[in-house]
Amino acid sequence: MRHLHAHKHKHRFLREALKIAFEIHDLPLINHLCNISPLLDKCDDLNMDKDQRVREVVTLLDQACKEAGFFYVKGHRISDSLIKKARDVTRNFFDLPFEEKVKIKLSSATGFRGYQRLAENITEGRPDNHEAIDYYREVTAGMYGSLGKTMEGTNPWPEYPSDFRQLMEEYVSQLKDLSRNIMRGIALALGGPADAFEGERAGYPFWVMRLIGYPGSSQAEDEMQDNVIGCGAHTDYGLLTLVNQDSEITALQVKNKSGEWIDVLPVEGTFVCNIGDMLKILSNGIYQPTLHRVINTSPEYRVSVAFFYETNFDAPVEPMPFCVERTGGTAKYGAVIYGEHLVSKVLTNFVV
């Protein structure tokens, strides 16, 4: 109990440090906080850039994407209750006996959707000390021809908790809308039209949701003495990631431009957002994804609900003309098919 009390006291201290960092911008923390409410007020107006409050949000997004690749989003209009329920139902699933969890086991037959036990996810050749459920936008047979064959399948939903599927489908629906609207702001930040990430690029966006459970530090040491890293250093594959992390446990870390690993503290009422590999290409390198990892040094079990908003599965992803123009007139990256990029990762990320 004494150790847990000390841990909570440390969190109060860290939260005060974060509050100061937001004000003075000189501590090694992720101090970009974007209130996107004005952007959402105008989200259906493709001339939203004429609005002064929208321009202020766009400036903040641009600074965050250039300077850190990570930022907090508030004013997102996703209810606190839904955010908390998504974490709670995830925790309730991971609390089930293994025999129950494995009923929705990930396999190639499910298109790599489903449950993975501890150490079945691989990052940079090393097993990660977490368990997880992976969900993807469902892909029907023949939908993308040979390109989509690996990802064909439907999402396996557990019988327990009984409200799991209904709640998570509502969560995905709202996060898709939110992500699209944030991407409209990022499009403006890059100097393009608000709908630059729609149509042939991301008008029918692929999405991924990972529900992740990280054992506490003592549990991790007992079960995997050679690896206490919950998730190894990596960048994300797509456009934009929105992370709903435990409100009391600090474990997510990002590598800053000085090469330091810094904590991304939980901030109540926010999502942690970061940009991915596809946005690097589309922006012609104006925005760069940031290496990040998870190390849970708390004695408590930690859950995280990560939502990944992507381009169209079959989209040829290449630098956008207005970004090429901004960066000297030469494309720095060749075209990549998002689905090929995803499949190459999926086929090397799991022990099945």
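Quick note: the coordinates plus some simple rules give every number you see, no bench work behind them. Quantities reported herein were computed from a predicted structural model and do not represent experimental measurements. Positions of Cβ are generated from backbone atoms using ideal geometry, with glycine treated the same way; all protein chains shown enter the neighbour counts.
So the values come out like this:
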read-out	value
Computed magnitude of the charge dipole of region 32-349 (debye, nearest 20; Cβ of K, R +1, Cβ of D, E -1)	520 debye
Distant-in-sequence amide H partners of Cys231 (H built 1.01 Å from N, under 5 Å)	Asn129, Val294
Protection-proxy order for peptides 133-142, 62-71, each taking the mean of Cβ atoms within 10 Å per residue, highest first	62-71, 133-142
Net length gained if the chain between Asp95 and Asp195 were fully extended (0.36 nm per residue, minus Cα distance)	31.8 nm
Vicinal HN-Hα couplings computed from phi for region 232-247 (Karplus, 6.51 cos²θ - 1.76 cosθ + 1.60; Hz; Gly/Pro x)	x, 5, 6, 10, 8, 7, x, 8, 9, 10, 10, 10, 9, 9, 3, 7
Entry for mean projected area of the Cα convex hull in nm² (calculated from the structure that is shown) out of (i) 19.0; (ii) 17.9; (iii) 17.0	(ii)
Cβ-Cβ FRET estimate between Lys74 and Trp261, R0 fixed at 30 Å, reported to 0.05	0.75
Share of pairwise Cα separations in region 41-99, more than 14 Å, in percent	71 percent
Hz values of 3J(HN,Hα) by residue in region 321-337 - Karplus curve (6.51, -1.76, 1.60), Gly and Pro given as x	x, 6, 7, 4, 4, 5, 10, x, x, 10, 6, 8, 9, x, 6, 10, 8
Cα shape, region 204-352, gyration tensor, a/c 1.5 rule	prolate
Selected from Gly75, Val305, Gly216, residue furthest toward positive end of dipole (the chain; charges at beta carbon)	Gly75
Peptides 96-102, 51-57 ordered by average Cβ neighbours within 10 Å, highest first	51-57, 96-102
